[in-house]
Amino acid sequence: MRRGDRGLLGLLGPAFVASVAYVDPGNVAANLTAGSRYGYLLVWVLVVSSAMAVLVQYLSAKLGVVTGRSLSSLVGEHLENKRGRVARVGYAVQALVMAVATDVAEVIGGALGLHLLFGIPLWLGGLIVGVVTLVLLDALRTGGERVFEMVISAFLALVTIGFMAGMIWSPPDPAQALAGVLPRFRGTDSIALAAAMLGATVMPHAIYLHSTLAADRHRPSGGRDHGIGRLLAAQRVDVLLALLVAGTVNISMVLFAASTLQGLDATDSIESAYAAIKSRVGVAPATIFGAGLLVSGIGSALVGTHAGARIMRDLWPWSMSHHVRRGITIVPAVVLLALGVHPSQLLVTSQLLLSFGIAFALVPLVHLTSSRRTMGRYANSWWVRLVAWSVVAAIVGLNLVLVWLAVS
């Protein structure tokens with residue numbers, strides 16, 4: 001047994017890396033929009049989304065621990081065997097589109113943070129975030145899994161401070177916040193925004209990544225340092241703690257926006273929300289908010305780049321370095337910023353697109369973790385299968401409603 005793995009604490013870490021994807025700039029845009037437009041109305045969406053995320057991320061970690069392989073590698077193998085290379089390439093293209101949507105949110109968020117804090121043009125800020133991400137990721141990966149986990153966890157801590165500090169200056173109304181837990185909508189726009197919040201919370205690349213992180217950490221070279229039962233118990237604690245932090249941060253964004261920005265016509269973008277915070281609450285909370293946005297963009301970009309590289313390596317039939325993939329996915333964000341497209345609208349739209357990609361990750365995840373052929377005696381029990389497929393049905397159903405709203 002290695003010294004670093006003694007006790008439960010030494011087994012934690014992968015979930016904290018994956019959870020950074022749950023507090024990326026897309027979350028900021030969707031949550032601020034929800035709070036400023038509808039007050040406390042959509043708090044329940046984040047409560048439900050966070051509960052879904054706990055189950056989803058645990059199943060992904062479980063798959064990695066039990067099989068020693070990633071979700072994307074198992075999906076790629078299944079598609080290759082059952083449906084041929086065309087199906088595998090098609091699935092890989094879908095994953096690449098999701099990676100582009102993810103990078104749009106991360107690059108734009110980091111660029112907005114640089115713009116708000118230092119006045120750097122958005123397109124230049126996007127380039128800076130992309131270059132910094134690649135340099136940092138290369139440096140961190142040379143240090144091994146534990147170094148990567150510790151640094152990303154530090155990013156998560158900074159993001160938590162950046163987005164929760166505002167409630168010190170502008171605390172929410174407890175009664176209205178509690179009332180927001182009751183599920184309800186207010187018109188079709190609130191339904192679309194709820195889908196964006198869901199897409200920002202349950203991220204497709206985080207679903208794929210968690211199995212990779214768990215396998216790399218606990219099943220290096222296919223072996224394992226501890227019994228499967230103990231590792232799975234550790235994953236449950238890891239996921240609960242990490243997503244409790246991420247869920248609290250997301251809910252705090254909505255509460256802060258509801259208490260500070262609700263009813264203001266000038267909060268249709270992160271920039272105007274920043275200005276409103278600065279004028280109504282103060283320079284200090286606005287600066288902390290901007291710093292949180294910047295750290296969120298860089299931290300989530302690190303996680304997204306790492307996830308995308310592994311997904312494409314597993315699914316794409318041709319080799320592609322993460323530098324090339326990063327270039328492919330970063331260009332659309334920089335071009336859109338250079339063309340002057342509204343950055344906050346791009347963030348919300350990217351989250352809507354990501355909500356359609358969740359099912360492509362969730363369906364194979366639930367199927368594989370329920371298969372005795374894949375999982376043996378650790379396959380999902382009947383009630384876990386029931387809950388998991390209900391989550392899939394709810395997400396797909398919400399997306400179908402969005403399509404119907406768009407058409408009608």
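In the range 135-171, which residues are open to solvent by less than 50 Å² (accessible area, probe 1.4 Å), within 19 Å of the chain's Cα centre (by Cα) and not small (Gly, Ala, Ser)? LEU137, PHE148, GLU149, VAL151, ILE152, PHE155, LEU156, VAL159, THR160, PHE163, listed by residue number. The set of residues from the range 23-47 being assigned to a helix (DSSP H, G or I), more than 20 Å from ILE395 (Cα to Cα) and small (Gly, Ala, Ser) comprises ALA29, GLY35, SER36. The selection criterion, being modelled with pLDDT of 90 or more, touching a Lys or Arg at 6+ places or on another chain (Cβ under 7 Å), small (Gly, Ala, Ser) and within 22 Å of LEU243 (Cα to Cα), holds for SER70.
Taking the stated definitions as given, is ALA30 surrounded by 21 or more Cβ atoms within 10 Å (Cβ to Cβ), under 23 Å from ILE251 (Cβ atoms) and either in contact with a Leu (Cβ under 6 Å, 6 or more places away or on another chain) or not basic (Lys, Arg) (or both)? The answer is yes for ALA30. Is there any pair with a first residue in the range 188-199 that is of a type in the set (Asp, Glu) and a second that is in a helix (DSSP H, G or I) whose Cβ atoms are under 9 Å apart and which are 6 or more apart or on different chains, and what are they? Listed pairs, sorted by first residue: ASP189/ARG37; ASP189/TYR38. Pairs meeting the criteria (first residue in the range 160-175 and touching a residue at least 24 places away in the same chain (Cβ under 8 Å), second residue open to solvent by 70 Å² or more (accessible area, probe 1.4 Å), beta carbons under 9 Å, at least 6 apart or on different chains) are SER170/ARG280. For the range 36-83, filtered to residues that are touching a Pro at 6+ places or on another chain (Cβ under 8 Å) and of a type in the set (Phe, Trp, Tyr), the residue that is nearest to PHE256 (Cα to Cα) is TYR40.
If only residues of the range 162-189 that are part of a helix (DSSP H, G or I) and aromatic (Phe, Trp, Tyr) are counted, the one that is farthest from GLY282 (Cα to Cα) is PHE163.
So that you can scan it fast, the table gives a plain yes or no per residue for (1) open to solvent by 30 Å² or more (accessible area, probe 1.4 Å); (2) touching a Phe, Trp or Tyr at 6+ places or on another chain (Cβ under 9 Å):
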| position | (1), (2) |
| --- | --- |
| LEU41 | no, yes |
| VAL48 | yes, no |
| ALA61 | no, no |
| GLY68 | no, no |
| SER72 | no, yes |
| GLU77 | yes, no |
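Applying the criterion of being more than 24 Å from the chain's Cα centre (by Cα) and open to solvent by less than 70 Å² (accessible area, probe 1.4 Å) to the residues of the range 178-218, the residue that is farthest from TYR40 (Cα to Cα) is GLY187. Taking the range 294-316 as the range and being at pLDDT below 85 and open to solvent by 10 Å² or more (accessible area, probe 1.4 Å) as the test, the residues that pass are HIS306, ALA309, ARG310, ILE311, ARG313, ASP314, TRP316. Restricting the range 75-95 to residues that are closer than 18 Å to ILE207 by Cα and without any contact (Cβ under 8 Å) to a residue 12 or more places away in the chain leaves a set whose member that is nearest to the chain's Cα centre (by Cα) is VAL93. Residues of the range 250-293 that are assigned to a helix (DSSP H, G or I) and open to solvent by 30 Å² or more (accessible area, probe 1.4 Å): ILE251, SER259, GLU271, ALA275, LYS278, SER279, ARG280, VAL283, ALA284, THR287, ILE288, ALA291. Only one entry in VAL384, VAL348, VAL334, VAL363 is of a type in the set (Val, Ile, Thr), at pLDDT 85 or above and in contact with a Leu (Cβ under 9 Å, 6 or more places away or on another chain), namely VAL384.
The values are calculated or read from the model by the stated rules, or taken from the named source; none is laboratory data. Keep in mind it's a predicted model, so treat the numbers as computed, not measured. Here Cβ is always computed from backbone atoms with ideal geometry, including for glycine, and neighbour counts include all displayed protein chains. In case anyone asks, the SASA skips ligands and DNA or RNA and just uses the protein heavy atoms, side chains included. Shrake-Rupley method; radii C 1.70, N 1.55, O 1.52, S 1.80 Å.
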